[in-house]
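Contents: one structure, followed by commentary.
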Amino acid sequence: MDQSTRTHLVGLLLGTENDWPVAFESLVRALGPIPDAHGTTHDIQTERTTIEPFNLRDRPRHSLVIDRLAYWYYVPREWLKKISLMDDVYLLNSPFTFQSMEKHSAYCAMMRLGLKIPETVLVPYKNPLDNAKYAYTAERYNQPFDLDEVAAQVGYPMYMKPFDGGGWRGVSRINDRTDLFRAYDDSGEMLMHLQAAREHDVFARALSIGPETMVMHFQPDEPMHNRYAVDHDFLSAQAGDECITINRTVNAFFKWEFNSCEMLVKRGTDGQPDEVYPIDYANACPDVAITSLHYYFPWAMKALVKWSAYCLITERPNSVDLETTRYFAIADRTDLSYEEKLAAYRTLADEHFEADRYYDWCDSRLRNFDAVALEWFRGPGMDSVIVDTVRATFPAHEHDHFIEHFRGLVALWCRDEEARLSTSQFVHP
Ligand SMILES: Nc1ncnc2c1ncn2[C@@H]1O[C@H](COP(=O)(O)OP(=O)(O)O)[C@@H](O)[C@H]1O
Ligand SMILES: [Mg+2]
């Protein structure tokens with residue numbers, strides 16, 4: 001039997017954050033070498049990728065890159081495209097679909113799949129664009145339109161938000177005509193959607209990494225550190241499963257590997273099922289800071305390590321082809337109900353993410369990881385992440401309070417995890 005060792009390098013393309021990268025790097029080190037079924041041992045190393053000139057024919061040292069930078073910085077973005085097209089490097093996420101498929105494309109694709117996207121209209125820019133050709137084009141081709149008529153199509157209350165949104169930039173709630181005209185005047189050169197507001201009972205935010213999905217109770221009006229409630233029972237089984245299916249379908253459709261999805265859930269009355277309305281599901285490489293995810297941070301870090309290891313060691317191919325027709329073939333069928341279509345999308349999505357194979361692989365190849373990770377999250381490494389991140393994020397007079405707050409939530413996760421590991425009946429979602 002071949003007893004060789006293979007080394008795989010994971011590149012991290014980072015913004016300002018230092019919390020999750022430290023956790024990720026530490027967990028990879030704690031995991032240690034991973035044996036495969038053929039006698040080869042796989043050693044995973046990590047490196048924070050720096051930005052420098054690159055020759056298009058250079059061979060990268062990396063086998064997988066996790067990117068949280070390229071959405072605004074073009075040098076790493078173009079490098080990711082090069083290493084994807086030329087060198088088959090595995091990307092979380094691919095700029096080919098993350099940059100070309102923004103919120104607007106995500107609405108279009110998921111409307112075509114029949115998901116319950118609220119009524120949405122794209123309106124032309126309010127102000128002239130900074131482009132020499134604008135005056136001519138606008139005079140000749142911009143049709144005058146009646147904003148009141150558009151509003152009547154959508155209905156009050158509604159939301160105005162950028163077509164390529166993220167992080168609540170430029171989002172406003174519009175209750176009446178005065179709000180509408182003020183918000184449109186203020187939109188300037190931002191290209192905006194108007195979208196019907198969905199009244200709802202609960203806001204669910206799902207975070208997916210490969211085939212792993214966590215559906216969390218989100219409270220958008222709270223300050224950032226309190227937006228995710230620690231709440232394991234806030235959805236019916238049907239709504240919870242629908243949220244997983246929607247998030248996984250979006251991700252498989254766009255080949256996003258690491259993305260979050262926001263859904264509004266209206267509870268059914270008189271035995272009717274709950275309704276799930278997706279409103280924002282193009283958040284590739286979302287915020288996973290300890291200061292926002294807190295209790296769920298260990299889950300996210302473990303999933304990121306496991307999925308990276310799985311992709312590297314099983315040599316999972318990373319393609320830029322979307323193959324959208326497979327989804328549209330289901331969407332266009334008239335003989336299937338909404339529930340049947342969702343089930344068919346879920347099958348495609350689970351196949352895409354190799355969900356069964358992944359969980360089997362984790363069970364056999366990463367057998368000790370749960371215990372090793374729990375030890376790390378309980379130890380001084382995690383505590384330093386909390387202390388350093390709180391000091392970098394909050395004003396001095398709040399440090400003690402927030403250090404204790406996040407320590408408490410991570411300790412709660414550790415207790416729950418210990419209980420989970422001591423029962424053998426754990427079922428993967
Ligand atoms: N159609 C809608 N119905 C109800 N609330 C909405 C709707 N659209 C947006 N919102 C509210 O506005 C917030 C920001 O909108 P979102 O589409 O998530 O933009 P962003 O991409 O900037 O996060 C949402 O988290 C939600 O609270
Ligand atoms: Mg959002």
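Taken together, the values in this text are just the output of simple stated rules run on the coordinates, not laboratory data. Just so it is clear, the structure is predicted and the values come from calculations on it, not from any experiment. Cβ sites come from the backbone with ideal geometry, for glycine too, and all protein chains shown count toward neighbours.
General remarks:
- With both residues required to sit in the stretch 5-121, DSSP beta bridges show an antiparallel share near 10%.
- Cα shape, the stretch 314-429, gyration tensor, a/c 1.5 rule: prolate
- Diffusion of the chain by Stokes-Einstein, at 4 °C in a medium of 1.567 mPa s and with Rh set to the Kirkwood radius over alpha-carbon pairs, works out to 55 µm²/s.
- The stretch 362-388 versus the stretch 284-319: alpha-carbon centroid distance in Å: 14 Å
- For the chain, a Gaussian network of Cα nodes joined below 10 Å ranks Phe54, Phe377, Phe328 by mean-square fluctuation, and the top entry is Phe54.
- Looking at the chain alone, DSSP beta bridges between its own residues are antiparallel in about 70 percent of cases.
- Across the stretch 375-380, coupling constants 3J(HN,Hα) worked out from phi with the 6.51/-1.76/1.60 Karplus curve, θ = phi - 60°, read 4, 5, 5, 7, x, x Hz, and Gly and Pro carry x.
- Value at 222 nm in deg cm²/dmol, rounded to 500, when DSSP H runs of n ≥ 4 in the chain each add -39,500 (n - 2.57): -13500 deg cm²/dmol
- Were the residues from Glu149 through Asn18 laid out at 0.36 nm apart, the gain over their Cα-Cα distance would be 42.3 nm.
- Each peptide in 268-276, 340-348 was scored by the mean count of other Cβ atoms within 10 Å over its residues; highest first, the order is 340-348, 268-276.
- Total lysine pairs under 23 Å (Cα atoms) in the chain, excluding pairs fewer than 8 apart on one chain: 19
- Phi angles of the stretch 256-261 translate, via the Karplus equation with coefficients 6.51, -1.76, 1.60 and θ = phi - 60°, into HN-Hα couplings of 7, 9, 8, 7, 10, 9 Hz per residue; Gly and Pro are given as x.
- For the stretch 37-168, the Kirkwood estimate of the hydrodynamic radius, built from every pair of different alpha carbons, is 19.3 Å.
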